[in-house]
Amino acid sequence: MTLVPVEAEKKIDEIIARYPVRRSALLPVLWVVQRHVGYLPDEALAWVADKLGLTFMDVATTVSFYTMFTRRPLGRYHIQVCTNVSCLLGGCEEIEAHLKKKLGIGFGETTPDGRFTLSEVECIGACSWAPAMQINFDFHHHLTPEKVDRILDALP
Amino acid sequence: MEKPKVLSARFDLPDSHRLEVYRRTGGYRALEKALREMTPEDVIEEVKKSALRGRGGAGFSTGLKWSFVPKDSGKPTYVICNADESEPGTCKDRLIMEKDPHAMIEGILIAAYAIGAHLAFIYIRGEYWYLKEIVEGAVEEARAGGYVGANILGSGFDCDIIVHPGAGAYICGEETALMESLEGKRAYPRIKPPFPAVVGLYGCPTIINNVETLASVPPIILNGGDWFRRLGTEKSGGTRLFAVSGHVERPGVYELPMGYPMKAMIYEDCGGIRQGRCLKAVIPGGSSAPILTAEEAEACTLDFESLAALRSMLGSGAIIIMDETTDLVKVVYRIARFYAHESCGWCVPCREGTRWMVKILERLLSGRGRTRDLDLLYDLARNIFGTTHCPLGDAAAWAVYPAIEKFRADFEKYVTQPTVALTTVPAG
């Protein structure tokens, strides 16, 4: 099966070997698989279940608990806008409106070219530097509509 | 009042996350001292003396927590560092992991020595991926330096550290939910007792402490528990990182001694309320802490006792400041939505109650509210409080009913003057 490349599988085996209980490696292993496949389709869950000696349902019901695991493909850039209390006080509504207008999509949607997915997220731990968002794993703080434009326009 | 830098002393040094800088500035001397000169019991006694209380939210005595680990269970013991920082308003552990990860690692190793653990975990929320990489780098540096792994500093003590990523779930900050997550499952909190010190990870005795709590341990061991306690108050020792957000001129993370006046923090350290406006309210300990009026906030001090006396809490040390222009109904609604989203769904009062609170607040915000909705919302919150499986339900209730008690006019406005209502309410 070519779902998970040999190199990634090697890394996964290393991760599993560290833990005293095999199932503990489930979240880290899912992360590696999601990074390589882009998301977690049924085949990926089955592969992980097989690897860890779990059932498909063990894996699927765990995956569904965690918001950062995605069962559907996302855009190349996943823009995650925090709208929780500190960002609300810092003016995230303006950032949200600007992003929706600029990209022409709402929360939970992906642009037709597959470049951007826009999501609303709960507190990302950037409260003292609000309003904030993450693009994939990168943090962007002290946002203004102009700063958002600059950040998005500079993406390769 | 003096403002000693204990936790943030290295934050401004170049390459402060590197082992070399850490060692040059006194790093790993506390571990060496503990391993060579102290018994595990001595370490626990020193931490008890320091009046160090958990920086994650609950504020429980760290030394006491460590002393609950049974010595003769015949099972392995574990240390977990809770780096799942997710409480809205809180962004201070992020700085420790980014700027001074070795302080946390040294604290973990000392804790492991104190309770006889040979394996420790650092559970980092998935959103903090860049920190996971920094922390993993620091663990590898520490391993190469002989501080992590077998026979640490030739003492015969072994301890390994695994850095473990979360994947987006606020409830994982609750200690037993975190353990379920670390075991590779849905993060449903466990019933307590038994407490983790007796039955924790894999059913074994486990100590779980917040990042900042553990980073406070090396200076305690090095300078003594009495020194640390005297930095703060008798019952809340030491300094603390306060994450200030909202309507001040200079939001940021400030290290201040416990017992520091909130008024001085707002008006001196943070430059006062933005644009010369007036203070309206403060949420003092992350979104879970009951709201304070301006008068209460300006009169209190930053320690566990002072806020407990106001029937609020210092929680995670996240101070959310709101000026006179703030619409508190909107703030409460946003926080209520957060708890409804993050409820794990395991128990009924939390799963149903948090969603009902959101619906009532939506009704108010959309101008369809009735006067009796205020009482309904209040009673609902009171009925969630104390009836749930874990503290998430209490937190959700605390975010709502004290706001109605203290700022009822803000809520009534939406019933009596429907024109103030939003025309559209964002989708939950």
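The values are calculated or read from the model by the stated rules, or taken from the named source; none is laboratory data. Computed from a predicted model, the values in this text were never measured in an experiment. Note that each Cβ is placed from the backbone with ideal geometry, even for glycine, and that neighbours are counted across all protein chains shown.
Being part of a loop (DSSP other than H, G, I, E, B) and of a type in the set (Lys, Arg), is that true of even one residue in the range B:34-48? Step through it out loud before you land on a result.
Here is the first cut: in the range B:34-48, the ones part of a loop (DSSP other than H, G, I, E, B) are B:38-39.
Then drop every residue that is not of a type in the set (Lys, Arg), which leaves none.
No, every residue in the range B:34-48 fails to be part of a loop (DSSP other than H, G, I, E, B) and of a type in the set (Lys, Arg).
More than 22 Å from the chain's Cα centre (by Cα), farther than 16 Å from B:LEU31 by Cα and either hydrophobic (A, V, I, L, M, F, W, C) or modelled with pLDDT under 95 (or both): is that true of B:VAL148 in this structure? Spell out the reasoning first.
Values: more than 22 Å from the chain's Cα centre (by Cα): yes; farther than 16 Å from B:LEU31 by Cα: no; either hydrophobic (A, V, I, L, M, F, W, C) or modelled with pLDDT under 95 (or both): yes.
So B:VAL148 fails the test.
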Worksheet item: Mind checking whether some residue in the range A:54-68 is among the acidic types (Asp, Glu) and surrounded by 13 or more Cβ atoms within 10 Å (Cβ to Cβ)?
Response: yes
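For the range B:369-390, name all the residues that are touching a residue at least 12 places away in the same chain (Cβ under 8 Å) and not in a helix (DSSP H, G or I).
If the condition is that a residue be touching a residue at least 12 places away in the same chain (Cβ under 8 Å) and not in a helix (DSSP H, G or I), then B:GLY369, B:ARG370, B:PHE385, B:THR387, B:THR388, B:HIS389, B:CYS390 are the ones that fit.
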Worksheet item: Just a yes or no: is a residue in the range B:85-99 of a type in the set (A, V, I, L, M), modelled with pLDDT of 95 or more and either surrounded by fewer than 24 Cβ atoms within 10 Å (Cβ to Cβ) or not in a helix (DSSP H, G or I) (or both)?
Response: yes
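Mind checking whether some residue in the range B:326-341 is within 28 Å of B:VAL244 (Cα to Cα), more than 14 Å from chain A (Cβ to nearest Cβ), assigned to a helix (DSSP H, G or I) and in contact (Cβ under 8 Å) with a residue 60 or more places away in the chain? If you could, list the steps in order and put the result at the bottom.
Step one: filter the range B:326-341 for residues within 28 Å of B:VAL244 (Cα to Cα), giving B:326-341.
With the extra rule that they be more than 14 Å from chain A (Cβ to nearest Cβ), the set shrinks to none.
Looking through the range B:326-341, none of the residues is within 28 Å of B:VAL244 (Cα to Cα), more than 14 Å from chain A (Cβ to nearest Cβ), assigned to a helix (DSSP H, G or I) and in contact (Cβ under 8 Å) with a residue 60 or more places away in the chain.
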Discussion item. Criterion first (more than 13 Å from chain A (Cβ to nearest Cβ) and either part of a helix (DSSP H, G or I) or among the acidic types (Asp, Glu) (or both)) does B:SER306 satisfy it?
Written reply: yes
Worksheet item: Any residue in the range B:102-110 that is touching a residue at least 40 places away in the same chain (Cβ under 8 Å), buried (at least 18 other Cβ atoms within 10 Å of the Cβ), in a loop (DSSP other than H, G, I, E, B) and of a type in the set (Gly, Ala, Ser)?
Response: no
Worksheet entry | Flag if B:ARG311 is surrounded by fewer than 24 Cβ atoms within 10 Å (Cβ to Cβ), modelled with pLDDT of 95 or more and under 20 Å from the mean Cα position of the chain (by Cα) | yes
Practice prompt. Report whether or not B:TYR260 is at the interface with another protein chain (Cβ under 10 Å from one of its Cβ atoms), hydroxyl-bearing (Ser, Thr, Tyr) and crowded, with 20+ Cβ neighbours inside 10 Å.
Written response: no
Response to the item:
Reported set for the range B:180-216 where residues are away from every other protein chain (no Cβ under 13 Å) and of a type in the set (Phe, Trp, Tyr) is B:PHE195
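Being at the interface with chain B (Cβ under 10 Å from one of its Cβ atoms) and among the hydrophobic types (A, V, I, L, M, F, W, C), is that true of even one residue in the range A:100-109?
Going residue by residue through the range A:100-109, those that are at the interface with chain B (Cβ under 10 Å from one of its Cβ atoms) are A:106-108.
Those still in the list that are among the hydrophobic types (A, V, I, L, M, F, W, C) too: A:107.
Within the range A:100-109, one or more residues are at the interface with chain B (Cβ under 10 Å from one of its Cβ atoms) and among the hydrophobic types (A, V, I, L, M, F, W, C).
Here is a yes/no grid of residues against (1) within 29 Å of the chain's Cα centre (by Cα); (2) closer than 27 Å to B:GLU298 by Cα:
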residue: B:THR326; (1), (2): yes, yes
residue: B:ARG337; (1), (2): yes, no
residue: B:GLU342; (1), (2): yes, no
residue: B:TRP356; (1), (2): yes, no
residue: B:LEU376; (1), (2): no, no
residue: B:GLY386; (1), (2): yes, no
residue: B:GLY393; (1), (2): yes, no
residue: B:LYS413; (1), (2): no, yes
Worksheet item: What are the residues in the range A:110-134 that are of a type in the set (A, V, I, L, M, F, W, C) and within 12 Å of chain B (Cβ to nearest Cβ), if any?
Response: A:VAL121, A:CYS123, A:ILE124, A:ALA126, A:CYS127, A:TRP129, A:ALA130, A:ALA132, A:MET133
Practice prompt. Would you confirm whether any residue within the range B:1-22 is out of contact with any helix residue (DSSP H, G or I) (no Cβ under 8 Å at 6 or more places or on another chain), under 25 Å from B:ILE152 (Cα atoms) and at pLDDT 95 or above?
Written response: yes
Item to complete: State all residues of the range B:54-81 that are among the small types (Gly, Ala, Ser) and either within 12 Å of B:ALA197 (Cα to Cα) or surrounded by 13 or more Cβ atoms within 10 Å (Cβ to Cβ) (or both); if no residue qualifies, say none.
Response: B:GLY54, B:GLY56, B:GLY57, B:ALA58, B:GLY59, B:SER61, B:GLY63, B:SER67, B:SER73
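If you take the residues of the range A:52-84 that are farther than 29 Å from B:CYS91 by Cβ and within 12 Å of chain B (Cβ to nearest Cβ), which of them is farthest from the chain's Cα centre (by Cα)?
Within the range A:52-84, the subset farther than 29 Å from B:CYS91 by Cβ is A:52-61, A:71-73.
Imposing the further condition that a residue be within 12 Å of chain B (Cβ to nearest Cβ) reduces the set to A:52-54, A:57-61.
Working: A:LEU52: 23, A:GLY53: 26, A:LEU54: 24, A:MET57: 22, A:ASP58: 21, A:VAL59: 18, A:ALA60: 17, A:THR61: 18 Å.
Going through the qualifying residues, I end up with A:GLY53.
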Worksheet, complete the sentence: Checking B:ILE273, B:ILE319 in turn, the sole residue that is among the hydrophobic types (A, V, I, L, M, F, W, C) and touching a His at 6+ places or on another chain (Cβ under 8 Å) turns out to be B:ILE273
Worksheet item: Can you pull out the residues in the range A:28-48 that are at the interface with chain B (Cβ under 10 Å from one of its Cβ atoms) and either in contact with a Phe, Trp or Tyr (Cβ under 8 Å, 6 or more places away or on another chain) or in contact (Cβ under 8 Å) with a residue 60 or more places away in the chain (or both)?
Response: A:LEU30, A:GLN34
Practice prompt. Determine if the range B:393-404 includes at least one residue that is surrounded by fewer than 20 Cβ atoms within 10 Å (Cβ to Cβ), charged (D, E, K, R), over 24 Å from B:GLU295 (Cα atoms) and at pLDDT 95 or above.
Written response: yes
